[in-house]
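A quick write-up on the structure given underneath.
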Amino acid sequence: MMRKAHFSLAGLPIWFCSIWLLLQLNGCATYSKGFDPIEAKLAAQNPAAALQILEKQGSGRNELLLYLLDKAMLQRMQHDFAASNESFEQAKQVIQTYSAASISEESTAFIINDTTRTYTGTPLEQVMLHVYAALNYLELGNHDAARVEALQVEIRLRQLMQDSPESALNMDPFARYLSGMIFEDLGEYSDAMIAYRKAYEAYLAHEKLYSLTVPDYLKQDMLRMARKVGLKNEYTRLKAQFGITLQPGQNPDRNGGEVVLLFHNGLAPIKREQSVATIDPGSGRLIRVSLPYYQNRQQLITTARVEANDLIVQTQQLEAIDDIAEQTLQAYMPAITARAVARAVLKYNMSREASKQNDVAGLLVNIVGVLTERADTRSWLSLPANIQMARLQLPAGTYALSIELLDSLEQVLHTTKLADVKVNPGERRYISYHYVPRYTMRK
């Protein structure tokens, strides 16, 4: 039986190793570029065609997580929530398997670039994985499974808080808010109140970083839940603090129900690469450092207006994914920059060592070092830019929801209808609506 040969670079000249590594990178194209045809189909409101393109592209091991996350999102856009959660479960396994960095991957990343690591997601992406899995279960009517996702969110947020207790980015406001709604749906009112409090604290913390305010819906929920569990002092304090009164009909009754429309607006920002190159005056060698940055999309839609049964409600923003992604990257930039500079120094020294053999070898190693220096631009590109919510109290029955998407001047840019929305007495009905416009800002 013939054994498979194993190729080793040990003992080979530095210049030869460098050329071999360059050939393995196959051009080093940035990850975000491959999403362009998928985005075009999403802008045409054709997620089925987008999914076909994604599946045809496939994925290597290093980007397997992103493939599964995008696949899950495209499946839920087609209302295939069960299949979407199957993809999310596979994504969880990838994170669990590769979260512990291997010595070989770390060594390769230090020599070549960060894209050689197996991608395991940013904290935001890992949290949103559970959030969207929970939303899938809610749309399937499986609140118990949604509760499991809420508990997994809690575990992940606690881990993030332990790693960086001072960072507001480890307090995801919408994840907390959704958990509270799930607990409330299951009659776990004390847990719901705790989750609502944590959501409120998270919104206040994020409010200091960018333009996100505490949703009025959350304030009403906190008032209502405080009264429901008998927290009279807290109810009085919150009523004075918010300057509002509890609105009637804020929870489903025996004669009616509630529609919770979640509007997933646009697409998250794209990671791009910016590089700085300079010539070392002493040796004439070229030194290059590449770093990632987010290119924000110009969001055309600012809010949505929802109508059913002569009731008109405007959405409120619950999560600013674009802002959180930007803030998270900025928090990581010192470490990313330090690795890039250290890598540039290593490549420079390798070039000098190779030049001791001969000038051509030194030049080749220098060229390879420059060409392999790339920023890690990988991210979950099918996430929306933001998530908004509208809630409608309706009598039991079946409705058609009319949705108008508005710009900053409240001009209607797009309209759609969601037919056959059934409202059962005393229940909440969760519905998601994704919309991706045609963006003109591309590089």
If R0 = 45 Å, then Ser190 and Ala82, at their Cβ-Cβ distance, give a FRET efficiency to the nearest 0.05 of 0.90
Using a 10 Å cut-off on Cβ atoms, rank the peptides 300-306, 413-419, 78-84, 266-272 from the highest mean neighbour count down. 266-272, 300-306, 78-84, 413-419
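Arrange the peptides 427-436, 373-382 so that the one whose residues have, on average, the most other Cβ atoms within 10 Å appears first.
Going by the mean number of other Cβ atoms within 10 Å, highest first, we get 373-382, 427-436.
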Within straight-line cross-link reach of Lys356, lysines at Cα separation under 19 Å, skipping those fewer than 8 residues along the same chain: Lys347
Quick one: which residues, 5+ away or cross-chain, put their amide H under 5 Å from the amide H of Tyr435? H built at 1.01 Å from N. His264, Gly266
Which pairs in the list Lys198/Lys228; Lys271/Lys417; Lys208/Lys417; Lys198/Lys271 are over 28 Å apart, alpha-carbon to alpha-carbon? Lys271/Lys417; Lys208/Lys417; Lys198/Lys271
So what does log10 I(q)/I(0) come out to for region 203-249 at q = 0.32 Å⁻¹, using the Debye formula with one equal point on every Cα and no solvent? -1.14
Compute the distance in nm between two label points, each set 7 Å from the Cα along the Cα-to-Cβ direction, one at Leu140 and one at Glu55. 1.8 nm
Sticking with the crude label model, points 7 Å out along Cα→Cβ, report the distance from Ser167 to Tyr210 in nm, one decimal please. 1.5 nm
For Ile155 and Asn296 in the same chain, what is the full-extension length gain: residue separation times 0.36 nm, less their Cα-Cα distance, in nm? 47.7 nm
Within region 177-228, list the trypsin sites (Lys or Arg not before Pro) lying in a DSSP loop whose Cβ has at most 15 other Cβ atoms in a 10 Å radius. Lys208
1.4 Å probe accessible area per residue over region 112-234, in Å²: 39 Å²
Cα pairs beyond 20 Å in region 148-267, in percent, come to 47 percent
Taking every Cα atom in region 150-200, find the radius of gyration and the maximum pairwise distance Dmax, and write them in Å. 10.9, 33
Ranking request for peptides 320-329, 88-97: highest mean number of other beta-carbon atoms within 10 Å first, then the rest in descending order. 320-329, 88-97
Per residue of region 258-273, in order, report the coupling 6.51 cos²θ - 1.76 cosθ + 1.60 (Karplus, θ = phi - 60°) as ³J(HN,Hα) in whole Hz, putting x for Gly and Pro. 9, 9, 10, 9, 9, 9, 9, 9, x, 10, 5, x, 9, 7, 10, 10
Non-local residues with an amide H under 5 Å from the amide H of Arg297, with H modelled 1.01 Å from N and Pro and chain starts lacking one, are Ile270
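The values are calculated or read from the model by the stated rules, or taken from the named source; none is laboratory data. Just so we're clear, the structure is a prediction, and the values are computed from it rather than from any experiment. All Cβ positions, even for glycine, are placed from backbone atoms using ideal geometry, and neighbour counts span all protein chains on display. Note: accessible area is taken over every heavy atom of the protein model, side chains too, but ligands, DNA and RNA are not part of it. Shrake-Rupley method; radii C 1.70, N 1.55, O 1.52, S 1.80 Å.
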